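Read the figures in this text as sums done on the coordinates, not as results from a lab. Since the structure is predicted, the reported quantities are computational estimates derived from the model, not experimental observations. Note: ideal-geometry Cβ built from the backbone for every residue, glycine included; neighbour counts use all protein chains shown.
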Amino acid sequence: FMKKLLLAFFVTLGMQTQAQLWNIQLDKDPTILGSGLAGVIWTGTEFWCAAWASANIYVADGNGNALSPASFTIPGVSGTRSMTTDGTHIYIGTAAASIYKVDPVTKTLISTINTSVPACRYLTFDPTLDNGNGGFWTGAYASDIVAVSMTGTTLNTIPAATHGLSAIYGMAYDGYSTGGPYLWAFDQGGNGADIIQLTTN
C-alpha cells in the first residue's frame with residue numbers, strides 16, 4: 001500500500017487550486033509491473049519504476065500498462081530508491097553517497113556525482129538552487145535534508161531537529177503552489193504514511 005501511495009503522489013502532484021492541492025491524473029497499481037518498488041519517474045515517454053533490492057527498472061506506458069521488454073538495467077546502478085529529472089537527464093539515488101546521472105534515451109550511466117551526504121535515499125531536483133544553476137535535495141529517513149549542487153557541493157541544510165520527520169522515503173520539489181517553493185516529503189513515521197509540506201528557506 002505504501003508503494004502505491006508513493007507512486008500515486010509523485011505522478012499526481014499538480015498545480016494548486018482553491019478547491020484542492022492536486023488532481024488525480026493516474027491511479028494504477030504499480031505492483032503489476034514488479035515487486036519491491038521504491039521509486040518512479042515519468043521520462044516524457046514512459047514510466048520507470050525501480051525495484052530497491054535489485055538492478056531492475058520496470059517500464060510502463062502513459063496509462064500505467066507494462067511495456068515490452070518489461071524491465072531493463074543500467075550498468076553501474078543498482079538498488080534505486082528515487083529518481084528525479086532536470087528535464088534532460090534522469091538522476092538516481094540508491095541510498096549511497098553518490099547521485100547517478102543517466103541518459104533516459106540510451107538508458108546508460110553518464111556520470112556519478114559524489115556528495116558528503118551519507119545516504120541519498122530520496123532525491124528531488126530544484127532548479128532554483130545554486131543561484132539558478134540547479135541542484136538536489138536529498139537525505140535519508142530522519143537525517144538532515146541537504147541541498148547539493150549539480151557537482152555534489154553542499155549548499156544548504158534543513159536540520160533533522162527543524163523538520164522533525166522520522167522516516168522520509170520520498171520527496172518532490174514544488175515550485176508552482178502559492179507561497180512556495182515547497183518540498184513535499186513522504187514520511188513513513190508517526191501515525192503511518194504522511195505527505196508533509198516543507199518550506200525550502
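Treating r as the C-beta distance of residue 27 and residue 67 and R0 as 22 Å, the FRET efficiency rounds to 0.70. The computed Rg/Rh (Cα atoms, Kirkwood Rh) for the structure shown corresponds, within [x] 1.05; [y] 1.31; [z] 0.93, to [z]. Quick one: grab the alpha carbon gyration tensor of region 110-201, order the square roots of its eigenvalues as a ≥ b ≥ c, and give me rounded if a/c is under 1.5, else prolate or oblate depending on whether a/b is larger than b/c. The shape class here is oblate.
Residue by residue, region 106-118 carries 3J(HN,Hα) couplings of 8, 6, 10, 6, 8, 7, 10, 9, 8, 10, 8, 7, x Hz when phi is fed to the Karplus relation 6.51 cos²θ - 1.76 cosθ + 1.60 (θ = phi - 60°); x denotes Gly or Pro.
Which shape class, rounded, prolate or oblate, goes with region 144-191 when its Cα gyration tensor gives a ≥ b ≥ c as root eigenvalues, a/c under 1.5 marks rounded, and past that a/b bigger than b/c marks prolate?
Note, shape of region 144-191 comes out oblate.
Highest mean packing comes first when the peptides 61-74, 22-35, 81-94 are listed by Cβ atoms within 10 Å, giving 81-94, 22-35, 61-74.
Quick check: convex hull over the Cα atoms of region 42-112, volume per residue in Å³, rounded to an integer?
In region 42-112, the Cα hull volume divided by residue count equals 82 Å³.
Taking 0.36 nm per residue of sequence separation and removing the Cα-Cα distance, the residue 111/residue 156 pair yields an extension gain of 13.9 nm. Let me know the shape class of region 86-160, please: from the alpha-carbon gyration tensor, a ≥ b ≥ c as square roots of the eigenvalues, rounded when a/c is under 1.5, otherwise prolate if a/b is greater than b/c, or oblate. Here region 86-160 falls in the oblate category. Summary of packing: across the peptides 98-107, 114-123, the per-residue average of other C-beta atoms within 10 Å ranks them, highest first, as 114-123, 98-107. Mean residue ellipticity, 222 nm, helices only, the chain: the sum of -39500 (n - 2.57) across DSSP H runs of n ≥ 4, divided by residue count and rounded to 500, is -2000 deg cm²/dmol.
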